[in-house]
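Encoded as structure tokens, the structure appears first; notes follow it.
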There are 2 protein chains.
Amino acid sequence: MSGLYFPTRSFQIYQTFAANTNLGKTLFSAGLLRVAATDKKASRLFYLKPVQTGYPVDSDARFVDKFVNSKILNTKTLYCYEKPVSPHIATDKPPNDKDVLSRVKSFISECQIQSGSNGEGKLILETAGGVNSPLMSGTAQCDFYRPLRLPTILIGDSKLGGISTTISSFEALRLRGYDIPAILLFHDSEYNNFQYLREYFRNYDTRIHAISPPPPKNNTAETDHENLRDYFSSTAQDFQNILKQLNEWHHIRFDRLESMEKKTMKKIWWPFTQHQRVKNVTIIDSAHSDFLTTFNKNNDNEDVGQAQMKEMFDACASWWTQGLGHGSAKLSLAASYAAGRYGHVIFPECTHEPALDLAEKLLEGVGKDWATRVFYSDNGSTAVEVALKMALKTNLERNNIRDENSIKQTGKEFLVFGIEGSYHGDTIGAMDACGPNVYNDKVKWYKPRGYWFEAPTVHIKNGMYSIDIPKSIHPDNTKMTYFFPSLDSIFNQDQLTTSDLVKIYEEHIRRILSSFIGSSEYQFGALILEPILMGAGGMKLVDPLFQRVLIDEVRRNKIPVIFDEVFTGFWRLGYRSGADLLGKKPDIATYAKLITGGLIPLAVTLTTESIFENFIGSEKTDALLHGHSYTAHPTGCFVAKTSLDEYERLNKNSLHWNLAKSQWADHEKSSTASSYKEPIVWSFWDKKIVHRISHLPNVKGVVTLGYASNASQSIVNELYSSFTSNNFGIYARPLGNVVYLMTSHVTLPDNIRAVEEKLVECIKSSK
Amino acid sequence: MSGLYFPTRSFQIYQTFAANTNLGKTLFSAGLLRVAATDKKASRLFYLKPVQTGYPVDSDARFVDKFVNSKILNTKTLYCYEKPVSPHIATDKPPNDKDVLSRVKSFISECQIQSGSNGEGKLILETAGGVNSPLMSGTAQCDFYRPLRLPTILIGDSKLGGISTTISSFEALRLRGYDIPAILLFHDSEYNNFQYLREYFRNYDTRIHAISPPPPKNNTAETDHENLRDYFSSTAQDFQNILKQLNEWHHIRFDRLESMEKKTMKKIWWPFTQHQRVKNVTIIDSAHSDFLTTFNKNNDNEDVGQAQMKEMFDACASWWTQGLGHGSAKLSLAASYAAGRYGHVIFPECTHEPALDLAEKLLEGVGKDWATRVFYSDNGSTAVEVALKMALKTNLERNNIRDENSIKQTGKEFLVFGIEGSYHGDTIGAMDACGPNVYNDKVKWYKPRGYWFEAPTVHIKNGMYSIDIPKSIHPDNTKMTYFFPSLDSIFNQDQLTTSDLVKIYEEHIRRILSSFIGSSEYQFGALILEPILMGAGGMKLVDPLFQRVLIDEVRRNKIPVIFDEVFTGFWRLGYRSGADLLGKKPDIATYAKLITGGLIPLAVTLTTESIFENFIGSEKTDALLHGHSYTAHPTGCFVAKTSLDEYERLNKNSLHWNLAKSQWADHEKSSTASSYKEPIVWSFWDKKIVHRISHLPNVKGVVTLGYASNASQSIVNELYSSFTSNNFGIYARPLGNVVYLMTSHVTLPDNIRAVEEKLVECIKSSK
């Protein structure tokens, strides 16, 4: 059983964080546990001090033990250091964060097991120092404890200046997604911070409680002890009130969690969802890095005490958006900075740093050596609409059809070339640029406006690399499969001069083009394609050689080439863009999804100066009259800029990226194990596991690139309900008859190994 | 001359904020000014302590004066209080924030004037206490000083716990949009916070400087003084280094500001903009409440020292998005909370609190008594595409055309009814639902799919209220104008039973409908309209009676009614929705813009259970297969929920809203001045001014409602370049031949009066 380190209905857990050191955290912990011990329903109480410095002179656990003095209380300290300083300088040999968190999780889980299923248990986890004080490794504590996202009691500061430190600490916790049901501080009649804070937090879901300050501690140990005892007695009712409020808050939270499934089923209309088929709603309480923390109501069991939170590996990368993982404090702070500096501001004929910075970054990155202009919009679909408008007008200009009426009069229909199985979004313009498929089948205003080439696709089966050439392409009019020694040999750009397939592709494409170009019925305005990998169309890996030939042939006919890089952009395929892996530049390209690291919607359409110039004219209507209210919203632009900087850093420095690359390299050709030629194709997924999966009898084929792979559908439910060796579930989403698994750019190798292991197990056991 | 309270190239301004009280803010100020005084280029130095408590025992200005001891230094304290406590408890008669800020601005402006245009001047503004410490009024200082957004020197804490308070203070400043070029703190060999912080901020644009701690202060006044003198001498080089870094930062900032116009012109492709016509780029450095702070490069003058920042009233409400004003700390914190708790998470078959909370709030608000389902998307245009897909399929189901092929086989074209001049967005589906207009004129894939009714419009001219009935509607086939005693008499729902116009409208609409319904060529899938006010189409106020009649007539034909409330929703017209003012409920409605208070993109389409049920079926393709990657992104949902809560609060409690309502009420009919019947139509704009403008000879007509009004175009440049009596410019955007002025929901009456005054002046002087 996993996830026992999260609260349940009957087992309450709180962590205490303080606005500064020496504000009485331990005193408050003791006061709360002391009155909790008098509760008849409480079966067990626990106090956990993960890190104690100044030990053994100071021991907060000992203090709590002494003043609570109850058989049902267990206290525990995990790491002790003698120096009375911050944990990061208290030791020369800091344990790593993973181990510390693991010990914290284990202890809490044990407490829950000890408490049993029916008893009402409570645990207080007491942090050290202030909210942003570092742990042994140097990680700020508010970041370190974030995976648990425990409800937080903030110990406020009643001294001069304490209003500021209390509010700032509150904000530091909030921007990391913590809920703070209560702020506790001492009464102080001179500064009266309590009163100010109560007014300040009036509209927040946070209650402020003040308690009399403890007696001064300047007497003999015995007298001090007696004074404190008296103090605890005299403040018992106050602590009782706090406990009552926390208890109410806890039950309201669980009431809400338990009601969410039904309410969602009644009020939400989900995208892409046949509601009739939905059996189970995944309630996402929060998320961190690659994990969704879900609340799993045990429907078969009336005992709500068994309700569990659980960590699920987000193997759909939340619709392919995740680059820097969920709940990144860095992105949260970036978003709030831009929100605080601008909110949203008007953009046409205006400029602001986030928009210009991002534009420059894009033009030096994905747009390098081809693009000069950036057009902002909100999502992949709108970016594609913009791209189509750019291309269609350009094509007219290039063909010197400047008179609007002449094209209308010819009655020619404006079409695009594309690839069968492409997907470009769900607004009507983007839909019309795709061939008939499941998405547009019943949409009344959908009208296919194009010709879509069947494309050869790449597979790995039984450890062999192959390209399937569809019947329509091959001169013999038969379906053919070509085998290759490696993925690199398929992706190698030399293929364009050496491969036998070039001629086959060229002849096929020229035949099709000649039947359309110069037609009196049609005018072709663009070629639009997803480089290398077709996402929503079923994670199909297209032979890059075919796309290269197609692009060259289309370009000869003055038709602009659009790359839809919404899915493939920003290192999704291990390269800055699909174009980089393909080795071809577009005239127009669209980007979204990963651009904001996986936080908020933003999209861009990049293009060349020559395309931009087609919209320059004396008339307003010559311009691209397209826009959205939040065009170039500073929050999105600044978050995107921060994310792209981070991707660049990962590409340069990440050990995990280098490890993955090394693992896909052909080491046999290198002289030593540590030196190797960087592979063209690489992935976070283990090469050996990919091969092993490709050998399994019930797997049709495997595709892997960057951070995506697919497998047969029958395993998705199994992944959902099982636990990996690292104690998490796997949240994958089916895509038609394909199940894909996708990571973020910061997924840890350990977690990928655990996912792979579980995947193989599930495929093997599936029928 | 205005805006002299902002830095210029030659006049540097910094504010010091501290992580807590008593960290040596004044010492650092003195140290910096002391070395600055030795700079030969420095013409003037200034030290401003806006608020001093503990006076006259403590006087930070005196301390600075004493130790800088330079003729070119001017020090100033604006407010002094005797008690050595937080300013909010130091006085019983707190001055209001506006006056305090005004005095701060005046002092800084005077300093700049004293400095002259060529001298290099510097000013340090020293705050009191910590970043979130309150001012006299109780406003947190980091919020109070935000309109100036001065570059900030953060004084860090070198003591135990100081890492946490320093980082948390940094974060509190960042989430309010401050730039922090430097953090200064004392060296401390025991805790070594300096070292940790330098590593922590490695990837930020913030430098960490440590200075030796000052000598202990326990001797005679004379010795203390001498020790400090020695201290300043020995640390002079350190302070010099800090000054140098600040100086570099300042010039990089101004280099950037000065380069932004050219770079933007070269790299950005603006929405809705004919680039050839752009003469001037507005560089938005930041924004707060209703103001854009712009950087205005003086192109005619080589003296960059004259470059000015300026506050511009955002009279286009940044494309009508602004509800809670720019740079709201509340929204910034809300955004960062959701970002920190979730980032983005997958939505289909899932749920999370922000999405469910917002859905519930919407269904109890704009959706009350009609809607049961919420579908999320990214902007108004996508929300309209979703609405159209919902309506079109519903119409088929309602007409029992269940077989997909039967509609295709009939060859019927699917159309919508609408109103001429409507605008619903720029994706092809949304465009197709609008009649031919300037926006779609040159879009190749645009195809008008509908019939659009000409509509009667409301005007105010020469103080008279009238409705213009187009020729096509009136039975006499002549254009007619009907006059009304008040706007309320036009908007009164009684009109539906009493007005002579009902019959005219009914007959006209029935005639049109009968020519289409049952046609073998067309099938009508929806009526789509913007209730009351057509925004992008030219801010046209439609006779509500006409829309009421149209809705009733269309409904009789089983055609679903879509309200596009992207512009009119959420109190833009003084009502929770356009529907509320119209007195009619839709079957489907779209909302965006104001939903997030004006921060980030988010849109919703609301509808009824009966429409939802048309998409329930055994096939996946029966579902609404529409979605965007960031569907229901938690950040947007949580910000939206926070904004809607705030609007509700304003509606209940806002003095300014009540003032505006009272001002539009018909007081003559009430017995006393204070009691009045709440008007149906009300606006932030002054009723008398609106009338006065309507009398001006060069004004064709005025429309005012909620927070929008329009005027002749010739005045927009004049508004841009002039200053109001409150010392700000006005940023308005033309819309075709209409200029509209729009506020947020929190605009202060003073500012509106200043805008009105300037507007009248500009209209009068325009030709």
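The values are calculated or read from the model by the stated rules, or taken from the named source; none is laboratory data. In this text, all values refer to a predicted model and were calculated from it rather than measured experimentally. FYI the Cβ positions are ideal-geometry reconstructions off the backbone, even for glycines, and counts take in every protein chain you see. These area figures cover heavy atoms from the full protein model, side chains too; ligands, DNA and RNA do not enter into them. Shrake-Rupley method; radii C 1.70, N 1.55, O 1.52, S 1.80 Å.
So that you can scan it fast, the table gives a plain yes or no per residue for (1) touching a His at 6+ places or on another chain (Cβ under 8 Å); (2) in the same structural domain as A:Ser721 (by TED's automatic domain parsing); (3) surrounded by 15 or more Cβ atoms within 10 Å (Cβ to Cβ); (4) in a helix (DSSP H, G or I):
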site	(1), (2), (3), (4)
A:His225	no, no, no, yes
A:Gln245	yes, no, no, yes
A:Trp249	no, no, yes, yes
A:Ile284	yes, no, yes, no
A:Ala287	yes, no, yes, no
A:Thr294	no, no, yes, no
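Can A:Lys389 be described as charged (D, E, K, R) and more than 9 Å from chain B (Cβ to nearest Cβ)? Lay out the reasoning, then the answer.
Values: charged (D, E, K, R): yes; more than 9 Å from chain B (Cβ to nearest Cβ): no.
Answer is no for this residue.
Which of the residues belonging to the range B:201-223 are open to solvent by 70 Å² or more (accessible area, probe 1.4 Å) and assigned to a helix (DSSP H, G or I)? Across the range B:201-223, the qualifying residues are B:Ala221, B:Glu222. The set of residues in the range B:162-189 that are part of a loop (DSSP other than H, G, I, E, B), over 22 Å from B:Phe107 (Cα atoms) and either open to solvent by less than 10 Å² (accessible area, probe 1.4 Å) or in contact with a helix residue (DSSP H, G or I) (Cβ under 7 Å, 6 or more places away or on another chain) (or both) comprises B:Leu175, B:Arg176, B:Gly177, B:Ile180, B:Pro181, B:His187. Of everything listed in (1) part of a helix (DSSP H, G or I); (2) under 37 Å from the mean Cα position of the chain (by Cα); (3) buried (at least 18 other Cβ atoms within 10 Å of the Cβ); (4) away from chain B (no Cβ under 14 Å), the single unmet condition for A:Arg34 is (2).
If the requirement is being of a type in the set (Ser, Thr, Tyr) and facing chain A (nearest Cβ under 8 Å), which of these qualifies: B:Tyr423, B:Tyr439, B:Tyr451, B:Tyr446?
Numbers: B:Tyr423 fails: facing chain A (nearest Cβ under 8 Å); B:Tyr451 fails: facing chain A (nearest Cβ under 8 Å); B:Tyr446 fails: facing chain A (nearest Cβ under 8 Å).
Going through B:Tyr423, B:Tyr439, B:Tyr451, B:Tyr446 in turn, just one is of a type in the set (Ser, Thr, Tyr) and facing chain A (nearest Cβ under 8 Å): B:Tyr439.
Mind listing just one residue for me: the one in the range A:607-636 that is part of a helix (DSSP H, G or I) and within 22 Å of A:Pro586 (Cβ to Cβ) and, of those, nearest to the other protein chains (Cβ to nearest Cβ)? Quick ask: steps written out before the conclusion?
Here is the first cut: in the range A:607-636, the ones part of a helix (DSSP H, G or I) are A:609-613, A:620-622, A:634-636.
Among the residues that remain, those that are also within 22 Å of A:Pro586 (Cβ to Cβ) are: A:609-613.
On the way: A:Glu609: 9, A:Ser610: 13, A:Ile611: 9, A:Phe612: 6, A:Glu613: 9 Å.
The residue in question is A:Phe612.
Starting from the range B:95-107, keep only residues that are surrounded by 15 or more Cβ atoms within 10 Å (Cβ to Cβ), then list their pairs with residues that are part of a helix (DSSP H, G or I) whose Cβ atoms are within a distance under 8 Å, requiring at least 6 positions of separation or different chains. That search, which allows pairs on different chains as well, returns B:Asp97/B:Phe144; B:Val100/B:Phe144; B:Leu101/B:Phe144. Total residues in the range B:545-554 satisfying the condition of being farther than 17 Å from B:Gly450 by Cβ and charged (D, E, K, R): the figure is 2. Could you say whether any residue in the range B:66-76 is in contact (Cβ under 8 Å) with a residue 24 or more places away in the chain, open to solvent by less than 40 Å² (accessible area, probe 1.4 Å) and within 30 Å of A:Ala172 (Cβ to Cβ)? Within the range B:66-76, not a single residue is in contact (Cβ under 8 Å) with a residue 24 or more places away in the chain, open to solvent by less than 40 Å² (accessible area, probe 1.4 Å) and within 30 Å of A:Ala172 (Cβ to Cβ).
Tell me, which residue of the range B:246-263 that is in contact (Cβ under 8 Å) with a residue 12 or more places away in the chain and hydrophobic (A, V, I, L, M, F, W, C) is nearest to the other protein chains (Cβ to nearest Cβ)? Out of the qualifying residues, it is B:Met260.
Filtering the range A:372-386 to residues that are more than 7 Å from chain B (Cβ to nearest Cβ) and of a type outside the set (Ser, Thr, Tyr) leaves A:Ala383, A:Val384, A:Val386. Before we move on, is B:Tyr5 among the aromatic types (Phe, Trp, Tyr), touching a residue at least 12 places away in the same chain (Cβ under 8 Å) and more than 30 Å from A:Ser133 (Cα to Cα)? It is true that B:Tyr5 is among the aromatic types (Phe, Trp, Tyr), touching a residue at least 12 places away in the same chain (Cβ under 8 Å) and more than 30 Å from A:Ser133 (Cα to Cα). For the range B:564-611, the tally of residues that are farther than 20 Å from B:Met534 by Cβ and open to solvent by less than 10 Å² (accessible area, probe 1.4 Å) stands at 11. If the condition is being hydroxyl-bearing (Ser, Thr, Tyr) and either more than 9 Å from chain B (Cβ to nearest Cβ) or touching a Ser or Thr at 6+ places or on another chain (Cβ under 6 Å) (or both), then the range A:149-188 contributes A:Thr152, A:Ser158, A:Ser164, A:Thr165, A:Ser168, A:Ser169, A:Tyr178. In the range A:417-429, the residues that are open to solvent by 10 Å² or more (accessible area, probe 1.4 Å) form Cβ pairs under 6 Å with partners that are assigned to a strand (DSSP E or B) and not hydroxyl-bearing (Ser, Thr, Tyr), at six or more places apart or across chains, as follows: A:Glu420/A:Trp452; A:Gly421/A:Met534; A:Gly421/A:Lys540. Here the range A:496-529 is the region considered, the condition is being at pLDDT below 95 and part of a strand (DSSP E or B), and the residue that is farthest from A:Val384 (Cα to Cα) is A:Tyr522. Close contacts from the range B:343-370, counting a first residue that is on the phi > 0 side of the Ramachandran plot and a second that is assigned to a helix (DSSP H, G or I) and surrounded by 20 or more Cβ atoms within 10 Å (Cβ to Cβ), with Cβ to Cβ under 9 Å and a gap of 6+ residues or different chains, come to B:Gly343/A:Ser318; B:Gly343/A:Leu331; B:Gly343/A:Ser332; B:Gly343/B:Pro634; B:Gly343/B:Thr635.
The set of residues in the range A:345-371 being of a type outside the set (A, V, I, L, M, F, W, C), within 22 Å of A:Asp645 (Cβ to Cβ) and facing another protein chain (nearest Cβ under 7 Å) consists of A:Thr351, A:His352, A:Glu360. Cβ-Cβ distances below 7 Å connect the following pairs, each with a first residue in the range A:264-281 that is more than 7 Å from every other protein chain (Cβ to nearest Cβ), a second residue that is modelled with pLDDT of 95 or more, and a separation of six or more residues or different chains: A:Met265/A:Val281.
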